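The values are calculated or read from the model by the stated rules, or taken from the named source; none is laboratory data. Since we're looking at a predicted model, the values are computed, not measured. Quick reminder, even Gly has a Cβ in these numbers, built from the backbone with ideal geometry, and neighbours come from all protein chains shown.
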Protein chains: 2
Amino acid sequence: MPSVPIQYGELPNVPVGATFANRRALHAAGVHRPLQAGIDFAPGQAAASVVLSGVYPDDDHGDAVDYTGQGGLEPGTSRAIADQKLVLGNAALIRNRNWGVPVRVIRKVGGVFRYDGLYSVDEFRRERYASDGFLRCRYGLSALTRSAPWVARDQATEPLRVEQTVLRIVRDTAVTREVKRLYEFTCQMCRIVLPTPVAPYAEAAHIKPLGGRHHGRDALDNVLCLCPNDHVLFDWGAITVLPESLTITGEAVLEGRQLLTVPAHHIDLMNFDYHREAIFVPIVDRVDR
Amino acid sequence: MPSVPIQYGELPNVPVGATFANRRALHAAGVHRPLQAGIDFAPGQAAASVVLSGVYPDDDHGDAVDYTGQGGLEPGTSRAIADQKLVLGNAALIRNRNWGVPVRVIRKVGGVFRYDGLYSVDEFRRERYASDGFLRCRYGLSALTRSAPWVARDQATEPLRVEQTVLRIVRDTAVTREVKRLYEFTCQMCRIVLPTPVAPYAEAAHIKPLGGRHHGRDALDNVLCLCPNDHVLFDWGAITVLPESLTITGEAVLEGRQLLTVPAHHIDLMNFDYHREAIFVPIVDRVDR
């Protein structure tokens, strides 16, 4: 690790748009410390910054970036020879999502490196490239609004403190209402019904997530009725459902339990295939360095 | 209940700003069916509309309304003689919040009734008025943006279907990070640690909620480290903590359990007093008609 201490959030004297001649200058300013790696992080902590390599230009849409993790390449080349693992910087970026910690984004533009502001890490998925058959770690980043700048408080001692970053948003749609009605707010995994006053509470979890990158549908065959705890475990890849048997796998308490289903709820089992590959993190891949 | 069927969301041929000569005209148009009551709802369902009475003008800030529930008055007068209960329209408005169903807001302006658009029910609290000592049910309403109109799908058969209303937002702040660190992501109520890959997951719950109406502080002495399930139960008044003994009350599974605490976490016990009165719904008040 570089000797310059890691710093999160906006940096004093580094306005959005500031440029740096090379990686050494980025390092000296504390904007991005590694001289080669694309992800700056501290062990067990979130990432502080990423440099967009330009290797995947189609993934950079300005305010929305689909960032590819590190690793899996033949040394000295850009040829993939293995799956990317959830270790080092790849694991750090998961913590950004889990904890709501934004990253600085640096782009190489016209031969110099430009600081382009803070981005939230909204999404993580694993994607198998058809071209070579190897899994990449992919992260959906989106630019934070300039009107609410994020500044880490008291950086020296508590680098990870976060200001008002939205961490999880639970929405309610026609389809999610319907699945809750079918199961009468019972969690299909642990069978709990949360007894809040006046009406019980449950959440609808999309198996293949909604949105442009996952292309999941907001349809009854793509949602489960879950309690908030199991919704978090499912969305963040701690557990998945094996489509052949509808058994839950990945986490001790629920391991081997069968998903509760009612006849009126037809689930498209292909969505579980997608979840298992793209969202679920097998226990063997949960090495945390 | 009126014979006109209840309808949720925007109504065809009733644009925002449409005016009606009197309550009977509102009724005939299906905009607000009761001729006297301020809340239109169906038994066991959410509310469809509210009429701002003008009795509490200070509570109407245009796009943000602090709505007062029904009941507790001496018949034929506006004098409070009892606490308002969580029944009828008051219970229905809780379902609007829980299920993300917006209400139509109608204002009396210049002698006529004007439809002012859809509002989300963001917040519920019980408030004891110093003037007479009785509890009111209070609801924080906020105008939905015009750019994303809410329309109930297939109204006739499924009146409660909802389009993309944000239901819960979990934020992460400096203080909430700190309380999670203190408890190492262990729920102070049920002791679970949710084992998501790379890093465990927990949420920080403000005891006295943040925001203008509650005036709670984002400070360590006002937050708990909870799992998502217990966070929902706590925020929505199913459970509370008795400050004298730190025991949990209100819900069978947790009833009588003591809150987990560590010496470094000083909690301002006054916040539990506030939660018990304003947020918690005692079991005796959970009559659901």
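Among the residues of the range B:186-201, write down those that are closer than 19 Å to residue A:94 by Cα and part of a loop (DSSP other than H, G, I, E, B).
If the condition is that a residue be closer than 19 Å to residue A:94 by Cα and part of a loop (DSSP other than H, G, I, E, B), then B:193, B:195, B:196, B:197, B:198, B:199, B:200 are the ones that fit.
Which condition number does residue B:171 fail, the rest of (1) at pLDDT 90 or above; (2) in a strand (DSSP E or B) being met?
Here residue B:171 clears every test but (1).
What pairs can you find where one residue is in the range A:82-103 and within 8 Å of another protein chain (Cβ to nearest Cβ), the other is in a helix (DSSP H, G or I), and their Cβ atoms are less than 6 Å apart, with a gap of 6+ or different chains?
So the pair list comes out as A:86/A:285.
Would you point out the residue of the range A:190-201, among those that are more than 17 Å from residue B:96 (Cβ to Cβ) and within 10 Å of chain B (Cβ to nearest Cβ), that is modelled with the lowest pLDDT?
A:195
Does residue B:75 satisfy the criteria of being out of contact with any helix residue (DSSP H, G or I) (no Cβ under 7 Å at 6 or more places or on another chain), under 24 Å from residue A:177 (Cβ atoms) and surrounded by fewer than 16 Cβ atoms within 10 Å (Cβ to Cβ)?
no
In the range A:109-128, what residues are surrounded by fewer than 19 Cβ atoms within 10 Å (Cβ to Cβ) and either hydroxyl-bearing (Ser, Thr, Tyr) or in a loop (DSSP other than H, G, I, E, B) (or both)?
Listed by number, the residues that qualify are A:110, A:111.
Kindly indicate which of A:233, A:259, A:246, A:242 is in contact with a Phe, Trp or Tyr (Cβ under 9 Å, 6 or more places away or on another chain), within 29 Å of residue B:238 (Cβ to Cβ) and either modelled with pLDDT of 95 or more or buried (at least 22 other Cβ atoms within 10 Å of the Cβ) (or both).
A:233 is the lone residue from the list that is in contact with a Phe, Trp or Tyr (Cβ under 9 Å, 6 or more places away or on another chain), within 29 Å of residue B:238 (Cβ to Cβ) and either modelled with pLDDT of 95 or more or buried (at least 22 other Cβ atoms within 10 Å of the Cβ) (or both).
Over 18 Å from the mean Cα position of the chain (by Cα), under 17 Å from residue A:143 (Cα atoms) and not basic (Lys, Arg): does that describe residue A:10?
When the stated conditions are applied, residue A:10 passes them.
Only residues that are of a type outside the set (A, V, I, L, M), modelled with pLDDT under 90 and either outside any loop (DSSP other than H, G, I, E, B) or surrounded by 22 or more Cβ atoms within 10 Å (Cβ to Cβ) (or both): list them for the range A:78-108, please.
A:95, A:96, A:97, A:98, A:99, A:100, A:102
Please pick out the residue among A:136, A:104 that is within 17 Å of residue A:213 (Cβ to Cβ) and among the basic types (Lys, Arg).
A:136
Any idea which residue in the range A:203-230 is surrounded by the fewest Cβ atoms within 10 Å (Cβ to Cβ), counting only those that are among the charged types (D, E, K, R) and closer than 21 Å to residue A:94 by Cα?
A:213
Here's the yes/no breakdown for (1) farther than 15 Å from residue A:117 by Cα; (2) modelled with pLDDT of 95 or more; (3) among the hydroxyl-bearing types (Ser, Thr, Tyr):
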site: A:8; (1), (2), (3): no, no, yes
site: A:20; (1), (2), (3): no, yes, no
site: A:38; (1), (2), (3): yes, no, no
site: A:42; (1), (2), (3): yes, no, no
site: A:46; (1), (2), (3): yes, no, no
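Can you find a residue in the range B:59-75 that is among the polar types (S, T, N, Q) and under 25 Å from residue B:134 (Cβ atoms)?
Looking for residues that are among the polar types (S, T, N, Q) and under 25 Å from residue B:134 (Cβ atoms), one finds at least one in the range B:59-75, hence yes.
Please determine, by comparing only the residues of the range B:13-56 that are over 16 Å from residue B:111 (Cβ atoms) and assigned to a helix (DSSP H, G or I), which one is nearest to the chain's Cα centre (by Cα).
B:27
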